[in-house]
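Single-structure report; data block below.
The values are calculated or read from the model by the stated rules, or taken from the named source; none is laboratory data. No experiment lies behind these values; they were computed from the predicted model shown. Virtual Cβ from ideal backbone geometry, glycine too; neighbours counted across all protein chains shown. Calculation scope for accessible area: heavy atoms of the full protein, side chains included, ligands and nucleic acids excluded. Shrake-Rupley method; radii C 1.70, N 1.55, O 1.52, S 1.80 Å.
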Amino acid sequence: MIEKIKKPISVAIDGPAAAGKSTIAKKAAKILNFTYIDTGAMYRAFTYYVLKRGVNPQDENACNALIPEVDVELLPDGIVKVNNEDVTRAIREIEISQNVSYIASYKNIRLALVEQQRNMAKHRSVIMDGRDIGTYVLPDADVKIYQVASVHTRAIRRYEENLEKGIVCTLDEIEKDLIRRDYIDSHRDFAPLVQAPDAVLLDTSKMSIEEVVIRVLQIIKEKTGVFPHE
Ligand code: DC
(Lines give C-alpha, C1' and ligand atoms only; values in the text may rest on other atoms or scores of the structure.)
Protein backbone atom coordinates (compact mmCIF):
# COMPACT_ATOMS: atom_id res chain seq x y z
CA MET A 1 0.00 0.00 0.00
CA ILE A 2 1.29 3.45 -0.85
CA GLU A 3 1.25 5.68 2.20
CA LYS A 4 0.07 9.22 1.61
CA ILE A 5 2.78 11.71 2.54
CA LYS A 6 1.27 14.44 4.67
CA LYS A 7 2.54 17.96 4.06
CA PRO A 8 4.03 19.36 7.25
CA ILE A 9 2.04 22.17 8.86
CA SER A 10 3.66 25.40 9.99
CA VAL A 11 2.29 27.72 12.63
CA ALA A 12 3.90 31.15 13.10
CA ILE A 13 3.43 33.01 16.38
CA ASP A 14 4.86 36.52 16.42
CA GLY A 15 4.53 39.43 18.79
CA PRO A 16 6.39 41.74 21.17
CA ALA A 17 8.70 40.62 23.96
CA ALA A 18 7.21 38.67 26.87
CA ALA A 19 3.74 38.38 25.32
CA GLY A 20 3.71 34.72 26.40
CA LYS A 21 4.42 33.35 22.93
CA SER A 22 6.85 30.65 24.02
CA THR A 23 4.64 29.37 26.88
CA ILE A 24 1.68 29.02 24.53
CA ALA A 25 3.67 27.69 21.57
CA LYS A 26 5.33 25.04 23.76
CA LYS A 27 2.02 23.81 25.19
CA ALA A 28 0.19 23.81 21.85
CA ALA A 29 3.10 22.00 20.16
CA LYS A 30 3.07 19.32 22.84
CA ILE A 31 -0.68 18.76 22.46
CA LEU A 32 -0.46 18.56 18.64
CA ASN A 33 2.83 16.65 18.61
CA PHE A 34 4.46 19.43 16.54
CA THR A 35 8.05 20.61 17.03
CA TYR A 36 8.38 23.86 18.95
CA ILE A 37 11.04 26.23 17.62
CA ASP A 38 12.07 29.18 19.78
CA THR A 39 13.81 31.51 17.32
CA GLY A 40 14.45 34.15 20.01
CA ALA A 41 16.64 31.58 21.76
CA MET A 42 18.84 31.50 18.65
CA TYR A 43 19.42 35.29 18.72
CA ARG A 44 20.03 35.04 22.45
CA ALA A 45 22.55 32.23 21.93
CA PHE A 46 24.41 34.30 19.35
CA THR A 47 24.44 37.23 21.79
CA TYR A 48 25.86 34.96 24.50
CA TYR A 49 28.76 34.09 22.22
CA VAL A 50 29.38 37.74 21.28
CA LEU A 51 29.63 38.70 24.96
CA LYS A 52 31.72 35.63 25.79
CA ARG A 53 34.22 36.61 23.09
CA GLY A 54 34.37 40.14 24.51
CA VAL A 55 33.03 41.66 21.28
CA ASN A 56 31.00 44.89 21.51
CA PRO A 57 27.38 43.95 20.68
CA GLN A 58 26.86 47.40 19.14
CA ASP A 59 29.68 46.85 16.64
CA GLU A 60 27.88 45.25 13.66
CA ASN A 61 31.01 44.37 11.66
CA ALA A 62 32.73 42.75 14.62
CA CYS A 63 29.58 40.72 15.39
CA ASN A 64 29.18 39.69 11.75
CA ALA A 65 32.76 38.45 11.74
CA LEU A 66 31.77 35.82 14.31
CA ILE A 67 29.14 34.19 12.04
CA PRO A 68 31.44 31.45 10.66
CA GLU A 69 32.46 30.35 14.15
CA VAL A 70 29.02 30.24 15.77
CA ASP A 71 27.04 27.01 15.74
CA VAL A 72 23.63 27.41 17.42
CA GLU A 73 21.64 24.25 18.14
CA LEU A 74 18.08 23.86 19.41
CA LEU A 75 17.66 20.36 20.82
CA PRO A 76 14.22 18.70 21.07
CA ASP A 77 14.13 18.84 24.89
CA GLY A 78 14.47 22.65 24.93
CA ILE A 79 18.24 22.61 25.43
CA VAL A 80 20.06 25.41 23.59
CA LYS A 81 23.71 24.98 22.67
CA VAL A 82 26.34 27.27 21.23
CA ASN A 83 29.38 25.45 19.89
CA ASN A 84 28.31 22.49 22.02
CA GLU A 85 28.12 24.51 25.25
CA ASP A 86 24.77 24.26 27.06
CA VAL A 87 23.55 27.87 27.39
CA THR A 88 19.87 27.14 28.07
CA ARG A 89 19.85 29.02 31.36
CA ALA A 90 22.55 31.59 30.61
CA ILE A 91 20.64 33.06 27.63
CA ARG A 92 17.80 34.14 29.94
CA GLU A 93 20.08 36.40 32.02
CA ILE A 94 19.34 40.12 31.98
CA GLU A 95 22.67 40.96 30.29
CA ILE A 96 21.61 38.90 27.28
CA SER A 97 18.11 40.45 27.20
CA GLN A 98 19.65 43.91 27.26
CA ASN A 99 21.92 43.25 24.26
CA VAL A 100 20.02 40.79 22.06
CA SER A 101 18.07 43.43 20.13
CA TYR A 102 21.32 44.82 18.69
CA ILE A 103 22.38 41.39 17.47
CA ALA A 104 18.88 40.69 16.08
CA SER A 105 19.05 43.90 14.05
CA TYR A 106 22.10 42.77 12.03
CA LYS A 107 21.00 41.52 8.62
CA ASN A 108 23.83 39.04 8.04
CA ILE A 109 23.30 37.37 11.40
CA ARG A 110 19.55 37.20 10.71
CA LEU A 111 20.13 35.65 7.28
CA ALA A 112 22.32 32.92 8.79
CA LEU A 113 19.81 32.06 11.52
CA VAL A 114 16.76 32.37 9.24
CA GLU A 115 18.24 29.78 6.87
CA GLN A 116 18.52 27.37 9.80
CA GLN A 117 14.94 28.17 10.89
CA ARG A 118 13.52 27.50 7.42
CA ASN A 119 15.37 24.18 7.21
CA MET A 120 13.91 23.12 10.54
CA ALA A 121 10.37 23.67 9.21
CA LYS A 122 10.89 21.85 5.90
CA HIS A 123 10.13 18.29 6.87
CA ARG A 124 8.11 18.46 10.06
CA SER A 125 5.13 20.27 11.49
CA VAL A 126 6.27 23.17 13.62
CA ILE A 127 5.09 25.94 15.85
CA MET A 128 7.71 28.63 15.52
CA ASP A 129 7.70 31.77 17.63
CA GLY A 130 9.56 35.03 17.06
CA ARG A 131 9.11 38.47 15.54
CA ASP A 132 9.32 37.91 11.78
CA ILE A 133 8.10 34.33 11.34
CA GLY A 134 4.84 35.15 9.53
CA THR A 135 6.29 38.09 7.61
CA TYR A 136 9.73 36.82 6.60
CA VAL A 137 10.85 33.37 7.80
CA LEU A 138 7.72 31.41 6.79
CA PRO A 139 5.60 33.81 4.70
CA ASP A 140 3.50 30.84 3.52
CA ALA A 141 2.85 29.50 7.02
CA ASP A 142 -0.51 27.70 7.27
CA VAL A 143 -1.39 29.62 10.43
CA LYS A 144 -0.19 33.05 11.54
CA ILE A 145 -0.92 34.46 14.97
CA TYR A 146 0.15 37.87 16.27
CA GLN A 147 0.08 37.61 20.04
CA VAL A 148 0.06 40.78 22.11
CA ALA A 149 -0.59 41.95 25.70
CA SER A 150 -0.30 45.33 27.40
CA VAL A 151 3.24 46.30 28.39
CA HIS A 152 2.30 46.23 32.08
CA THR A 153 0.86 42.71 31.84
CA ARG A 154 3.95 41.56 29.99
CA ALA A 155 6.29 43.10 32.56
CA ILE A 156 4.46 41.39 35.44
CA ARG A 157 4.56 38.03 33.64
CA ARG A 158 8.29 38.31 32.92
CA TYR A 159 8.98 39.48 36.49
CA GLU A 160 7.20 36.43 37.94
CA GLU A 161 9.01 34.13 35.51
CA ASN A 162 12.35 35.59 36.55
CA LEU A 163 11.52 35.27 40.25
CA GLU A 164 10.79 31.57 39.72
CA LYS A 165 14.12 31.15 37.93
CA GLY A 166 15.96 33.04 40.69
CA ILE A 167 16.89 35.90 38.35
CA VAL A 168 17.09 39.15 40.35
CA CYS A 169 15.50 42.29 38.82
CA THR A 170 12.83 44.94 39.53
CA LEU A 171 9.47 45.31 37.78
CA ASP A 172 10.42 48.81 36.69
CA GLU A 173 13.69 47.56 35.13
CA ILE A 174 11.77 44.91 33.18
CA GLU A 175 9.09 47.31 31.94
CA LYS A 176 11.71 49.79 30.68
CA ASP A 177 13.68 47.01 29.02
CA LEU A 178 10.56 45.65 27.25
CA ILE A 179 9.67 49.09 25.87
CA ARG A 180 13.25 49.63 24.67
CA ARG A 181 13.48 46.19 23.02
CA ASP A 182 10.08 46.47 21.33
CA TYR A 183 11.17 49.81 19.92
CA ILE A 184 14.43 48.44 18.49
CA ASP A 185 12.73 45.26 17.20
CA SER A 186 9.97 47.15 15.42
CA HIS A 187 12.15 49.94 14.00
CA ARG A 188 15.01 47.94 12.49
CA ASP A 189 15.40 48.06 8.70
CA PHE A 190 15.45 44.34 8.01
CA ALA A 191 12.50 42.07 8.94
CA PRO A 192 11.14 44.25 11.76
CA LEU A 193 8.46 43.23 14.24
CA VAL A 194 5.13 43.91 12.53
CA GLN A 195 1.82 42.07 12.27
CA ALA A 196 1.49 40.16 9.00
CA PRO A 197 -1.65 41.27 7.13
CA ASP A 198 -2.97 37.69 7.21
CA ALA A 199 -2.18 37.05 10.90
CA VAL A 200 -4.90 36.60 13.52
CA LEU A 201 -4.50 39.21 16.29
CA LEU A 202 -4.69 37.68 19.75
CA ASP A 203 -4.69 40.05 22.74
CA THR A 204 -3.95 37.94 25.81
CA SER A 205 -3.93 40.76 28.40
CA LYS A 206 -7.02 39.43 30.12
CA MET A 207 -6.71 35.75 29.27
CA SER A 208 -5.30 32.85 31.28
CA ILE A 209 -2.65 30.59 29.76
CA GLU A 210 -5.25 27.81 29.36
CA GLU A 211 -7.65 30.15 27.55
CA VAL A 212 -4.93 31.27 25.15
CA VAL A 213 -3.88 27.67 24.40
CA ILE A 214 -7.51 26.72 23.66
CA ARG A 215 -7.90 29.74 21.37
CA VAL A 216 -4.67 28.96 19.53
CA LEU A 217 -5.75 25.33 19.02
CA GLN A 218 -9.10 26.59 17.69
CA ILE A 219 -7.37 28.91 15.21
CA ILE A 220 -5.12 26.06 14.05
CA LYS A 221 -8.16 23.82 13.59
CA GLU A 222 -10.04 26.52 11.66
CA LYS A 223 -7.10 27.08 9.29
CA THR A 224 -5.80 23.52 8.83
CA GLY A 225 -8.38 21.08 10.13
CA VAL A 226 -5.77 19.67 12.52
CA PHE A 227 -7.08 19.03 15.99
CA PRO A 228 -5.66 17.11 18.96
CA HIS A 229 -6.79 13.45 19.22
CA GLU A 230 -7.60 13.23 15.52
O1 DC B 1 11.56 36.21 22.13
P2 DC B 1 12.85 36.64 22.83
O3 DC B 1 12.66 37.72 23.86
O4 DC B 1 13.60 35.48 23.39
O5 DC B 1 13.73 37.26 21.65
C6 DC B 1 14.99 37.76 21.90
C7 DC B 1 15.30 38.89 20.92
O8 DC B 1 15.48 38.39 19.61
C9 DC B 1 14.28 39.99 20.84
O10 DC B 1 14.88 41.25 21.09
C11 DC B 1 13.77 39.98 19.43
C12 DC B 1 14.74 39.13 18.68
N13 DC B 1 14.07 38.22 17.77
C14 DC B 1 13.97 38.59 16.46
O15 DC B 1 14.38 39.68 16.10
N16 DC B 1 13.41 37.74 15.57
C17 DC B 1 12.93 36.56 15.95
N18 DC B 1 12.40 35.74 15.04
C19 DC B 1 12.99 36.17 17.30
C20 DC B 1 13.56 37.04 18.20
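Does the range 186-230 come out rounded, prolate or oblate by the C-alpha gyration tensor, with a ≥ b ≥ c the root eigenvalues, rounded set by a/c under 1.5 and, if not, prolate when a/b is larger than b/c and oblate if not?
Working: a/c = 3.26, a/b = 1.65, b/c = 1.97.
Note, shape of the range 186-230 comes out oblate.
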| Can you pull the percent of Cα pairs in the chain with separation above 22 Å? | 51
| query | Which ³J(HN,Hα) values, rounded to whole Hz and listed in residue order, are derived for the range 203-219 from phi using the Karplus coefficients 6.51, -1.76 and 1.60 in 6.51 cos²θ - 1.76 cosθ + 1.60 with θ = phi - 60°, glycine and proline given as x? | reply | 8, 9, 3, 10, 10, 7, 4, 4, 5, 5, 4, 4, 5, 5, 5, 4, 4
| At what distance in nm do the modelled label points of R180 and H152 sit from each other, each positioned 7 Å from its Cα along Cα→Cβ? | 2.3
| Using modelled amide H (1.01 Å from N, peptide plane; none on Pro or chain starts), what sits under 5 Å from the amide H of V200, excluding residues fewer than 5 places away? | K144, I145, Y146
| note | Sorted by accessible surface (1.4 Å probe, heavy atoms of the protein chains only), largest first, R131, R154, R180 come out as R180, R131, R154
| task | Kindly identify the range 1-90 as rounded, prolate or oblate by the Cα gyration tensor criterion: order the square roots of the eigenvalues as a ≥ b ≥ c, call it rounded if a/c is under 1.5, otherwise compare a/b with b/c, prolate if a/b is larger, else oblate. | result | prolate
| Rounded, prolate or oblate: which one fits the range 47-166, using the alpha carbon gyration tensor with axes a ≥ b ≥ c (rounded when a/c is under 1.5, else prolate when a/b beats b/c, else oblate)? | rounded
| note | In whole percent, the fraction of accessible protein surface over the chain that belongs to carbon or sulfur atoms, probe radius 1.4 Å, stands at 53
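Suppose R0 equals 41 Å; then what is the FRET efficiency for T224 and E173 from their Cβ-Cβ distance, rounded to the nearest 0.05?
0.55
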| message | Can you tell me the length gained on complete extension of the stretch S205 to R124, counting 0.36 nm per residue apart and subtracting the Cα distance? | response | 26.0 nm
| remark: Checked against a 20 Å limit on the C-alpha separation, the offending pairs among K107/K165; K30/K144; K26/K107 are K107/K165; K26/K107
| query | Hey, with R₀ at 22 Å, roughly what FRET efficiency would I67 and D189 work out to, going by the Cβ-Cβ distance, to 0.05? | reply | 0.75
| message | Explain nothing, just compute: Karplus ³J(HN,Hα) = 6.51 cos²θ - 1.76 cosθ + 1.60, θ = phi - 60°, for every residue of the range 11-27 in order, whole Hz, x for Gly and Pro. | response | 10, 9, 10, 10, x, x, 4, 6, 7, x, 4, 5, 4, 5, 4, 4, 5
